[in-house]
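The values are calculated or read from the model by the stated rules, or taken from the named source; none is laboratory data. Nothing here was measured: the structure is a model prediction, and the numbers come from that model. Cβ sites come from the backbone with ideal geometry, for glycine too, and all protein chains shown count toward neighbours.
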Amino acid sequence: MPKGKREPISDRRKFIFNMARGVGVAALGGFVWSAYINEAKAQKLLLRPPGAIKEEDFLKTCIKCGLCVEACPYDTLVLAKPGVHKPLGTPYFIPRDIPCYMCTDIPCVPVCPSGALDLQSVVTDKKLDINKADMGVAVIDEESCIAFWGIQCDACYRACPLLGKAITIDYQKNERTGKHAFLRPVVHSDPCTGCGLCEHACVTQKAAIQIFPRELVQGKAGNHYIKGWDKEDDKRVKDAKAIKTTTEISKNSAIDSLNDSGDLY
Amino acid sequence: MKQFWSNNRFLILRRFTQISILFLYFGANAWGWWVLRGNLSSSVIVDFALVSDPYAVLQMLAAGATISLDLFIGAATITVFYFLIGGRAFCSWVCPINMVTDTANYLRRKFDFNRMQGPKMPISRNIRYWVLGLSLVVSAVMGMAAFEFVSPISMIHRGIIFGLGFGWASAVIIFLFDLFVLKDGWCGHICPLGGFYSLIGRFSVIRVFHKEENCTLCMKCKTVCPEHQVLYMIGKESLSVNDGACTNCARCIDVCDDDALGFSLRELAEKK
C-alpha cells in the first residue's frame, strides 16, 4: 500500500458505527426526555378535580382533553399551561382564586372520557354525591388564624358546605380577658372534601386555612396501633395473628465474648 | 383572480379548515358551543361522538394506563378514518403547527435560504420513527404519556383554547428551527405524531395522482412539497403518490399550471 494512504473503512464497520450512533443518540434523547418528565411530574402541591383517581394513575390516565374544564360552570378548573410548574395539560384548581362549589350534579366528572375522573367514587346508592369527593384536606395555621387570637371569626365555618361536620367550632375560655371566649375552628379530615370554600372565605391576608393534597399532610398510625376503646377497631386484635420470633442465645458466656477481642482493632 | 384561486385553492381550504377547527374548539370553552368540545387529544363532536388521538392512547397503553372503552372507540374511529380515507391529512389539514412550519418554509423559499445553506444536512427523515419508538419506551419507563408531555402541538392547540402560558415559546422554537436550522425540520424529520400518521395513512384511498404526459418538468411541485421525496415520479411516470409521508396538503396540485397533478382515489388511479 502506498505511504500516507489509509485503508478504506469497510461497509461493515460503517454499518456497525451507524447502528451504534443511532442507539447512542436514542439513549441520550431518552435519558434527557425521561429526566425532564421525572422533574416535571414531581410537583405534588396541586388539587385535582372531584373524583380524581390516585395521582400516579391520574398522570397515566388523563388524556388532557379539558372536557372537565369546559364542564365546570364556575371556571374553577384550569389546565396546567407551560410556565405554571405543574404537570402539563392536566386539570387542577386553586381554591383561593376559585374554589370548587360542590355542584350536586357534578358536571365535571361524567364528561371525563378516560376514567381519570372516576364516576363511581362520587356515587352513593346510585346517586351522585359530591360529598364523597376527596380533592384534599383543609389545614389551619393556628398562628395566623385570628379566631385563635380571640377575635371572633367563623368565616370558614360558615362557608363550609359540610358545616358542623368538616369544620366545627371549639369553645374555650379566653383567660387573657377573663370574660370572652375563643371560637376556634377545627377541621375534621374524614368528612372534609377539600373543596376550598373555607380557604376562599378566609379573611386573613394570606388564608390561615388552606387546602392541601391529603397525601401531603396526613400521617398514618400504622396497623400496630389499635384503638382499644373503639369496638370496631378492637376486633382487629382478635383477628390478628401473633408473629412469634425467637432469638438464638449464644452458647458462649457473656464474659468470653467480651474478652475475645483479639482482632477487634 | 381565477388564476389566483386555482393556484391557491387547496391552501385556502386548508387554512380555512385549520382555523375553523381551532375556532370551534375555542368557542366551546369560551362561549359554550357544542360543535367540537375538548381538544385534539380527545373531543366530543356535536354532543355525540367521542374521538381521541390514537397516538396519545398508544402512549397511555405503553405507560400502563387502563384505557376506557370510550377512549378506545374514539381512537379507533380516528385511526380507521385516516387509514381508509385521509392518509396523513391530519398534518396539513388539522394540526395548528402546520401554519408555523409552512410560514417558515415559505420564508426559506422567499429568501433563498435553501441555496445559502450549502451542503445538505445528513439528517434522515426516518428520525421521526425513532422518536416514535423512543416515546413509547420513555412512556413505559416513566409511567406516563411521554410525547404528550412535551408536544408543541398540544401546547399550542391546548394553549389557544385554554390559555397559552409559555406555550408560545414552543411555536417560536419550531419556527426558528425550521427557518434557520433544517428545512422541514419539525414536521418532516422529528414529529412522532407525523410519523405515526405516515405509518397508518399509507394505505388510504385519497391520493395525489401524477399525469406524466402533462408534465413540463417545471419542478414547482417539488419546490413546495414538504416531503419532496414522495414526488420521485414527477416527469418520469404516471403514478399516484403512495408514500405514507405525503400529507395530502395538495400544495403541489395548487402550484401545477399544467394539470399534471390532481387528487384521485387510489382505485381509480390504478385502473387508468
Handout entry: Any hit, region A:8-19, residues being within 11 Å of chain B (Cβ to nearest Cβ) and modelled with pLDDT under 90
Key = yes
Practice task
Output the residue which, of all residues in region B:1-58 that are within 12 Å of another protein chain (Cβ to nearest Cβ) and polar (S, T, N, Q), is surrounded by the fewest Cβ atoms within 10 Å (Cβ to Cβ).
Solution key: B:Asn29
Exercise for the section: Scan B:Gly167, B:Gly74, B:Gly133 and give me the residue that is closer than 30 Å to A:Ile53 by Cβ, assigned to a helix (DSSP H, G or I), within 14 Å of chain A (Cβ to nearest Cβ) and free of Cβ contacts under 8 Å to residues at least 12 places away in the same chain. Expected result: B:Gly133
Practice task
May I ask you to list the residues in region B:241-261 that are within 17 Å of B:Trp93 (Cβ to Cβ) and either at pLDDT below 90 or assigned to a loop (DSSP other than H, G, I, E, B) (or both)?
Solution key: B:Val241, B:Gly244, B:Ala245, B:Cys246, B:Thr247, B:Asn248, B:Cys249, B:Ala250
Fill in the blank from the handout: Exception for B:Leu199 within (1) loosely packed, with under 14 Cβ neighbours inside 10 Å; (2) at pLDDT 90 or above; (3) in contact with a helix residue (DSSP H, G or I) (Cβ under 9 Å, 6 or more places away or on another chain) falls at (1)
Practice task
Would you check if B:Thr66 is out of contact with any Cys (no Cβ under 8 Å at 6 or more places or on another chain) and more than 11 Å from chain A (Cβ to nearest Cβ)?
Solution key: no
Fill in the blank from the handout: Of A:Val122, A:Val139, the only residue that is at pLDDT 95 or above, in contact with a strand residue (DSSP E or B) (Cβ under 8 Å, 6 or more places away or on another chain) and more than 14 Å from chain B (Cβ to nearest Cβ) is A:Val139
Fill in the blank from the handout: Residue hits (region B:154-164; more than 7 Å from chain A (Cβ to nearest Cβ) and either closer than 17 Å to B:Trp186 by Cβ or polar (S, T, N, Q) (or both)) are B:Ile156, B:His157
Practice task
Scan region B:136-164 for residues that are surrounded by 21 or more Cβ atoms within 10 Å (Cβ to Cβ) and either without any contact (Cβ under 8 Å) to a residue 24 or more places away in the chain or of a type in the set (S, T, N, Q) (or both) and report the count.
Solution key: 7
Exercise for the section: Go through region A:20-31 and count every residue that is facing another protein chain (nearest Cβ under 10 Å), among the aliphatic types (A, V, I, L, M) and more than 16 Å from B:Asn126 (Cα to Cα). Expected result: 1
Completion exercise
When every residue in region A:89-111 that is touching a strand residue (DSSP E or B) at 6+ places or on another chain (Cβ under 9 Å) and over 21 Å from A:Ile211 (Cα atoms) is compared, the one surrounded by the fewest Cβ atoms within 10 Å (Cβ to Cβ) is A:Asp105
Completion exercise
Going through region A:144-172 in order, the residues found to be buried (at least 16 other Cβ atoms within 10 Å of the Cβ) and among the acidic types (Asp, Glu) are A:Asp154
Fill in the blank from the handout: Filtering region A:79-119 for residues that are within 7 Å of another protein chain (Cβ to nearest Cβ) and not polar (S, T, N, Q) leaves a count of 9
Exercise for the section: Those residues that are out of contact with any Lys or Arg (no Cβ under 7 Å at 6 or more places or on another chain), of a type outside the set (Gly, Ala, Ser) and closer than 23 Å to A:Asn38 by Cα, I need them from region B:147-157; list them, please. Expected result: B:Phe147, B:Phe149, B:Val150, B:Pro152, B:Ile153, B:Met155, B:Ile156
Exercise for the section: Among the candidates A:Glu70, A:Glu56, A:Glu39, single out the residue that is touching a helix residue (DSSP H, G or I) at 6+ places or on another chain (Cβ under 6 Å) and not in a loop (DSSP other than H, G, I, E, B). Expected result: A:Glu70
Practice task
Could you check region B:21-68 for strands (runs of 3 or more DSSP E) lying wholly inside it with 2 or more residues that are touching a Lys or Arg at 6+ places or on another chain (Cβ under 7 Å)?
Solution key: B:42-45
Problem - Residues located in region A:98-125, provided they are free of Cβ contacts under 8 Å to residues at least 12 places away in the same chain and over 28 Å from B:Leu61 (Cβ atoms) - result: A:Thr124, A:Asp125
